[in-house]
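Participant: Submitted below is the structure of interest, expressed as structure tokens.
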Amino acid sequence: MLNAIAHAYDYDRNLTFILTGSEAGLLYDFLRLDDVGSPLYGRYCYRLVVERFDEDTAREFLRRGFEELGVDIGEEELEEAVNFFDGIPGWLTFFGNEYASGNRKLESIKSMAVNLALKEIRNIVKARGRRYSLVLKGVAEGLGSWSRIKRYVEEREGVTLSSSILANVINSLEDMSIIRDYRFLDPVYREASLKLI
């Protein structure tokens, strides 16, 4: 895929690639823009990061979207969606699309979002190993320190875990913008991680 994009970049005019994802770090890992061995190394790339909305902006984002579509939503449902999806534009859009498409059950939409996040997390675990699952589950359960997560993983694996291995796992999860300082940046991913085995 990277070779095809690099070829198109070099030889095809008036062509733009737009790559998007909920996990910017994973997207950057895939593109390997800073890796001299990558076909895309040295190519121009514009990065647009959409930051989390504050509560008022999230509420207004949903309200305006529903107004444009002629969809009525109660204040209580709107507030619950704003609180659950915590201002993350992608999840707010997911909620808005589902609701506007006729799925008016907030719990159903929340469950769909969590299952989607769980699928993404399982893909990460499949690609990187079971320790990622254990660290994510530990963080989701509120283990907010290095020593507590290390003990949690060691107890479940039945081995002594090297500090450097744990550091690599945590640093990777931080690079993927999933956790920071032993907390989830996305409440949907936290809920999904609680379902990990």
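The values are calculated or read from the model by the stated rules, or taken from the named source; none is laboratory data. In this text, all values refer to a predicted model and were calculated from it rather than measured experimentally. Ideal geometry is used to build each Cβ from the backbone, glycine not excepted, and the neighbour counts take in all protein chains shown.
Participant: Quick check: anything in segment 8-17 under 23 Å from the mean Cα position of the chain (by Cα), of a type in the set (Ser, Thr, Tyr), not in a loop (DSSP other than H, G, I, E, B) and not assigned by TED's automatic domain parsing to the domain that holds GLY87? Quick ask: steps written out before the conclusion?
Facilitator: From segment 8-17, those under 23 Å from the mean Cα position of the chain (by Cα) are 17; that's our starting set.
Subsequent filtering for residues that are of a type in the set (Ser, Thr, Tyr) retains none.
Checked segment 8-17: no residue is under 23 Å from the mean Cα position of the chain (by Cα), of a type in the set (Ser, Thr, Tyr), not in a loop (DSSP other than H, G, I, E, B) and not assigned by TED's automatic domain parsing to the domain that holds GLY87.
Participant: Does any residue in segment 39-62 that is touching a residue at least 60 places away in the same chain (Cβ under 8 Å) and assigned by TED's automatic domain parsing to the domain that holds PHE95 come within less than 8 Å, Cβ to Cβ, of a residue that is loosely packed, with under 10 Cβ neighbours inside 10 Å and of a type in the set (Val, Ile, Thr) six or more places away or on a different chain, and which pairs are these?
Facilitator: Within 8 Å, no pair qualifies.
Participant: Consider only pairs whose beta carbons are under 8 Å apart and that are at least six residues apart or on different chains; among these, list those whose first residue lies in segment 177-197 and is at pLDDT 95 or above and whose second residue is in a strand (DSSP E or B).
Facilitator: From residues that are at pLDDT 95 or above, the pairs are ARG190/PHE184; SER193/PHE184.
Participant: Still on this structure, I have one more. Evaluate segment 134-142: report whether one residue or more is modelled with pLDDT of 95 or more, within 17 Å of ARG190 (Cα to Cα) and outside any helix (DSSP H, G or I). Working first, answer last.
Facilitator: Filtering segment 134-142 for residues modelled with pLDDT of 95 or more gives 134-142.
Applying the additional criterion that residues be within 17 Å of ARG190 (Cα to Cα) yields 134-142.
Next cut, outside any helix (DSSP H, G or I) only: 141-142.
Yes, that holds for at least one residue.
Participant: A further question follows. Please work out which one of (1) outside the structural domain of LEU185 (by TED's automatic domain parsing); (2) assigned to a helix (DSSP H, G or I); (3) not β-branched (Val, Ile, Thr) is the condition GLY87 fails and give its number.
Facilitator: Here GLY87 clears every test but (2).
Participant: Could you tell me whether segment 31-50 includes any residue that is crowded, with 18+ Cβ neighbours inside 10 Å and closer than 19 Å to GLU174 by Cα?
Facilitator: Yes, some residue in segment 31-50 is crowded, with 18+ Cβ neighbours inside 10 Å and closer than 19 Å to GLU174 by Cα.
Participant: Right, here's the next one. Looking at LYS119, LYS105, LYS110, can you tell me which residue is of a type in the set (D, E, K, R) and surrounded by 18 or more Cβ atoms within 10 Å (Cβ to Cβ)?
Facilitator: Working: LYS119 fails: surrounded by 18 or more Cβ atoms within 10 Å (Cβ to Cβ); LYS105 fails: surrounded by 18 or more Cβ atoms within 10 Å (Cβ to Cβ).
From the options LYS119, LYS105, LYS110, the qualifying one is LYS110.
Participant: Can you tell me which residue within segment 70-103, out of those that are farther than 25 Å from THR20 by Cα and in contact (Cβ under 8 Å) with a residue 12 or more places away in the chain, is nearest to the chain's Cα centre (by Cα)?
Facilitator: If we take residues in segment 70-103 being farther than 25 Å from THR20 by Cα and in contact (Cβ under 8 Å) with a residue 12 or more places away in the chain, then GLU80 is nearest to the chain's Cα centre (by Cα).
Participant: While we're looking at this one, here's another question. Would you say ARG148 is surrounded by 13 or more Cβ atoms within 10 Å (Cβ to Cβ), free of Cβ contacts under 8 Å to residues at least 24 places away in the same chain and either in contact with an Asp or Glu (Cβ under 8 Å, 6 or more places away or on another chain) or assigned to a loop (DSSP other than H, G, I, E, B) (or both)? Explain how you work it out, then say what you get.
Facilitator: Details: surrounded by 13 or more Cβ atoms within 10 Å (Cβ to Cβ): yes; free of Cβ contacts under 8 Å to residues at least 24 places away in the same chain: yes; either in contact with an Asp or Glu (Cβ under 8 Å, 6 or more places away or on another chain) or assigned to a loop (DSSP other than H, G, I, E, B) (or both): no.
No: the conditions fail for ARG148.
Participant: Consider ALA100 carefully, then state whether it is within 28 Å of VAL82 (Cα to Cα) and assigned by TED's automatic domain parsing to the domain that holds PRO89. Break it down stepwise before answering.
Facilitator: Values: within 28 Å of VAL82 (Cα to Cα): yes; assigned by TED's automatic domain parsing to the domain that holds PRO89: yes.
Yes, satisfied.
Participant: So, GLU75, is that one surrounded by 15 or more Cβ atoms within 10 Å (Cβ to Cβ) and closer than 19 Å to ARG59 by Cα or not?
Facilitator: Working: surrounded by 15 or more Cβ atoms within 10 Å (Cβ to Cβ): no; closer than 19 Å to ARG59 by Cα: yes.
Answer is no for this residue.
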